[in-house]
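Structure record follows, encoded as structure tokens.
Taken together, the values in this text are just the output of simple stated rules run on the coordinates, not laboratory data. This structure is a prediction, so every number in the text was calculated from the model and none was measured. All Cβ positions, even for glycine, are placed from backbone atoms using ideal geometry, and neighbour counts span all protein chains on display.
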Amino acid sequence: MTSAITAPPARGSAESTSNRILGLRAVLAFSLVVSGVHYVDNTVRWHHYVAEDPSFPGSLIHRWVVPASGVIFVGLAVLAYRSFLHGRYRRAAGYLGAYSISGLVGMLHYVDVAPSDFDAFQNVFVVLDAAAGVAAAAFAVHLARRPPTLDRSSGGSAR
């Protein structure tokens, strides 16, 4: 019995691009939901996330910064997605890389407050948000390094 070995989709092929759009959708869906929950909880339960005597970086963050930055980060996610759909892959990678900061920055909670001082819900969403940031950053780096190629024979649209 022989098994067929199939090669991965060719770079720039329709299948490769459709796989990437599915990957981008998955990363964005996961990270937007997780960050949304974390940012809302951080805003509503602000005093549970901050130290009484914060470090200098911690003192720069105020309650209003959390929802304001959340709106900016969602905007970056939308720009990344739209840029990808329009075949502007390196631009999409840049927006996605900037968006990834929304999750990565969450680990800074542990600079002023010990993990044991947070409840389980807070710790889970801080860590999930950071994982979402890592996933978004990794996707952005991969996209920047190996963007799909454009099929010039079809008028320059991505395949």
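Taken over segment 129-147, the criterion of being outside any loop (DSSP other than H, G, I, E, B) and of a type in the set (D, E, K, R) is satisfied by Asp129, Arg145. Report yes if Val74 is touching a residue at least 40 places away in the same chain (Cβ under 8 Å) and part of a helix (DSSP H, G or I), otherwise no. It is true that Val74 is touching a residue at least 40 places away in the same chain (Cβ under 8 Å) and part of a helix (DSSP H, G or I). Would you confirm whether any residue within segment 115-128 is part of a helix (DSSP H, G or I), under 28 Å from Ser16 (Cα atoms) and under 21 Å from the mean Cα position of the chain (by Cα)? Yes: segment 115-128 contains one or more residues that are part of a helix (DSSP H, G or I), under 28 Å from Ser16 (Cα atoms) and under 21 Å from the mean Cα position of the chain (by Cα).
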